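The values are calculated or read from the model by the stated rules, or taken from the named source; none is laboratory data. Keep in mind that what you see is a predicted model, and the values were worked out from it rather than measured. Cβ: placed from backbone, ideal geometry, glycine included. Neighbour counts: every protein chain shown. Remember, those area values only see protein heavy atoms, side chains included, never the ligands or the DNA or RNA. Shrake-Rupley method; radii C 1.70, N 1.55, O 1.52, S 1.80 Å.
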Amino acid sequence: MTAPAPPRLERLPALLEQSAALHRHLCPRQVLGARIGLKAGEWLGLDFPRSDKRVLVFVETDGCFADGVSVASGCWLGRRTMRLVDHGKVAATFVDTKTGRAVRIAPRPDLRARVREGRPDGQKRWDAYMAAYQTWLDEALLTVQPVRLTLDLAALISVAGVRTVCDRCGEEIINGREVTSPGETLCRDCAGERYWEPG
């Protein structure tokens, strides 16, 4: 399963060091996130990590995995180049906002089982995952699927500086996230999409 590392994987140790610094440890999901991010850059034909906002990534779980994706891709929640779509899956979709090309990358469904089966006697599963995820070829690790988004990318990205005020609660709404109904501009909370209630 191991072979000489492609040139992009030569950057993996430095990316993993950066990801580990965020968590004060390194774990298998961070490695998968970094590998998936590097593969996305290769598939899109773009240099990763990005320092611009050309790529938008949708991660399907939070935690260590998302940080691995971030350090490899340069996409971060705080830069508005990452979105969490919490499906509880170690997977991510990367979109080139200039061309609209998109790819979803995830670990192969049988990956964990293959790693466990192939580990040397006495090796702990965690150690086996760490080793395999850093050294196995992409083809043994990942599924890569070109996809088409089912949402309006331009609306999601929005326009910087767009602001309005909710007619009911008076709170400011940014990034075009208001809901307009006849005669009212509402925040999503006041429009009935609240995820919280007063305590």
In the set Leu84, Leu15, the lone residue that is buried (at least 19 other Cβ atoms within 10 Å of the Cβ) and either closer than 29 Å to Glu117 by Cα or modelled with pLDDT of 95 or more (or both) is Leu15
Could you tell me whether Thr61 is open to solvent by less than 70 Å² (accessible area, probe 1.4 Å), outside any helix (DSSP H, G or I) and over 24 Å from Val159 (Cα atoms)? yes
Selected residue (only one of Pro107, Pro49 is open to solvent by 10 Å² or more (accessible area, probe 1.4 Å) and closer than 16 Å to Ala131 by Cα): Pro107
Mind checking whether some residue in the stretch 130-138 is open to solvent by 50 Å² or more (accessible area, probe 1.4 Å) and either in contact with a Cys (Cβ under 9 Å, 6 or more places away or on another chain) or within 20 Å of Ala66 (Cβ to Cβ) (or both)? yes
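Go through the residues of the stretch 66-84 one by one and say whether even a single one is β-branched (Val, Ile, Thr), under 12 Å from the mean Cα position of the chain (by Cα), more than 18 Å from Leu149 (Cβ to Cβ) and assigned to a helix (DSSP H, G or I).
We begin by selecting, within the stretch 66-84, every residue β-branched (Val, Ile, Thr); these are 69, 71, 81.
Remaining after also requiring under 12 Å from the mean Cα position of the chain (by Cα): 69, 71, 81.
Then keep just the ones that are more than 18 Å from Leu149 (Cβ to Cβ); that gives 71.
If we keep only those that are assigned to a helix (DSSP H, G or I) as well, we get 71.
Scanning the stretch 66-84, I find at least one residue that is β-branched (Val, Ile, Thr), under 12 Å from the mean Cα position of the chain (by Cα), more than 18 Å from Leu149 (Cβ to Cβ) and assigned to a helix (DSSP H, G or I), so the answer is yes.
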What are the pairs with Cβ atoms under 7 angstrom where one residue, in the stretch 20-48, is in contact (Cβ under 8 Å) with a residue 60 or more places away in the chain and the other, located anywhere, is open to solvent by 10 Å² or more (accessible area, probe 1.4 Å) and among the small types (Gly, Ala, Ser)? Sequence gap at least six, or different chains. Leu26/Ala20; Arg29/Gly63
Positions within the stretch 166-188 being exposed (fewer than 13 other Cβ atoms within 10 Å of the Cβ) and outside any loop (DSSP other than H, G, I, E, B), in sequence order: Glu172, Ile174, Thr180, Ser181
Can you tell me how many residues in the stretch 43-56 are closer than 19 Å to Asp138 by Cα and either among the β-branched types (Val, Ile, Thr) or outside any helix (DSSP H, G or I) (or both)? 5
What number goes with the only condition from (1) modelled with pLDDT of 95 or more; (2) surrounded by fewer than 24 Cβ atoms within 10 Å (Cβ to Cβ); (3) out of contact with any Gly (no Cβ under 9 Å at 6 or more places or on another chain); (4) small (Gly, Ala, Ser) that Ala40 does not pass? (2)
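Open to solvent by 60 Å² or more (accessible area, probe 1.4 Å) and farther than 29 Å from Asp189 by Cα: does that describe Arg79? Before the answer, list the steps.
Details: open to solvent by 60 Å² or more (accessible area, probe 1.4 Å): yes; farther than 29 Å from Asp189 by Cα: no.
Spelling it out, it is not the case that Arg79 is open to solvent by 60 Å² or more (accessible area, probe 1.4 Å) and farther than 29 Å from Asp189 by Cα.
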Taking the stretch 189-199 and the residues there that are of a type in the set (Gly, Ala, Ser) and over 24 Å from Phe58 (Cβ atoms), the one that is most open to solvent (accessible area, probe 1.4 Å) would be Gly199
